[in-house]
Amino acid sequence: MIFYFTGTGNSLYAAKKIGDELGEDLIDITAAMKEKSFSYRLSSNEKIGFVFPVYFYGVPSIVVDFIAELKIEKNLEAGLKPYVFGVMTCGGGMGGTPKMLQELLEKHELPLTAAFELKMASNYIMMYQPTGPDLQKKIRISTDKKLVDIIAAISKNKKEDSGKRKKTLLTSVAYPLYLHGRKTRLFYADEKCNGCGKCTRVCPVSVIQMENDKPVWMAKQCTHCSACINRCPQEAIQYGKKTLKWRRFENPILK
Ligand SMILES: Cc1cc2nc3c(=O)[nH]c(=O)nc-3n(C[C@H](O)[C@H](O)[C@H](O)COP(=O)(O)O)c2cc1C
């Protein structure tokens, strides 16, 4: 079983390739959170995967919340541990994300057997202009090559020394900014908004509601996945002023 979270499709792309090759089912963390589906039963020889984007060199808040609630009935012989892997998609690097995931899983007595970084296009439009089309094509080639290696490693049950995973300085500095930041206050819809309401449907944490045919962000914080702003068909959602001129990013798997 592969638990995945995606804002703009990269992690879905990776999870689907891995799931198809390894014959593992995909479980959408967003849907599971909305339905409060937290209990899963592992069959023998089944692996457990977590595929999600890196946020501020750490684990997105929705994935943290999901793992906190997760209940896995392991159904394994005494003493045997399941094979658990993490694939973290990112624009630049994953920093100490594996260590953070390891600590979240330890609370459930699940080991993180192996963790993989997968560089993909950057979607972080609230901070930078997302990766452009030419670079996206180049990145897709290297992503696909890396995915072949990752799938081979998982199918051979590759193990890592979990003692070597470190909380990096990048994560220690950046991640608290995410936890205390991820504010919705700068999101708004400009005059291009036609009231289609797609933003309300793609928001994984359901904080957007339509009022007078315009989206309104109902909570002070969200998971900051960027789905609302990147996936708006009219490119009408903005985050402050800088996004007015910036391109949007959506992995073609969502189109
Ligand atoms: C809030 C936020 C924070 C991000 N932080 C990082 C980061 O720390 N390091 C990095 O390499 N990429 C970062 N990114 C880029 C995403 O991890 C990357 O584009 C990812 O593949 C998007 O996955 P998705 O399409 O499945 O949502 C960030 C993106 C967002 C929206």
With a cut-off of 8 Å between alpha carbons and a minimum separation of six or more residues, what is the relative contact order of the stretch 1-156 in percent?
22 percent
How large is the charge dipole for the chain, taken about the Cα centre, if only the Cβ atoms of Lys, Arg (+1) and Asp, Glu (-1) carry charge, to the nearest 20 debye?
800 debye
Principal-axis tilt of helix 10-22 within the chain, Cα atoms, nearest 10 degrees
30 degrees
Exposure proxy check: Cys196, Cys222 ranked by fewest other beta carbons within 10 Å?
Cys196, Cys222
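Estimate the FRET efficiency between Ala31 and Leu80 by the formula 1/(1 + (r/R0)^6), using the beta-carbon distance for r and 25 Å for R0, to the nearest 0.05.
On the way: r = 30 Å, r/R0 = 1.19.
For R0 = 25 Å, the calculated efficiency reads 0.25.
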Tell me, for the chain, which Cys residues have no other cysteine's C-beta sitting closer than 4.7 Å.
Cys90, Cys193, Cys196, Cys203, Cys222, Cys225, Cys232
Using a ≥ b ≥ c from the Cα gyration tensor of the stretch 187-254 (square roots of the eigenvalues), is it rounded, prolate or oblate, where a/c under 1.5 gives rounded and otherwise the larger of a/b and b/c decides, a/b for prolate?
rounded
Mind listing the phi-derived Karplus ³J(HN,Hα) values for the stretch 79-96, rounded to whole Hz, using 6.51, -1.76 and 1.60 with θ = phi - 60°, and x for any glycine or proline?
x, 7, 10, x, 8, 10, 10, x, 10, 10, 7, 7, x, x, x, 9, x, x
Enumerate by residue number the GluC sites (Glu not before Pro) in the stretch 163-238 meeting two conditions: DSSP loop (anything except H, G, I, E, B), and at most 15 other Cβ atoms within 10 Å of the site's Cβ.
Glu191
Relative contact order %, the stretch 187-254, counting alpha carbon pairs below 8 Å whose residues are six or more apart
36 percent
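Among the trypsin sites (Lys or Arg not before Pro) in the stretch 172-238, which ones are in a DSSP loop with at most 15 other Cβ atoms within 10 Å of the Cβ? Mind listing them?
Arg185, Lys192, Lys220
No value in this document is a laboratory result; all are computed from the given coordinates. Keep in mind that what you see is a predicted model, and the values were worked out from it rather than measured. Virtual Cβ from ideal backbone geometry, glycine too; neighbours counted across all protein chains shown.
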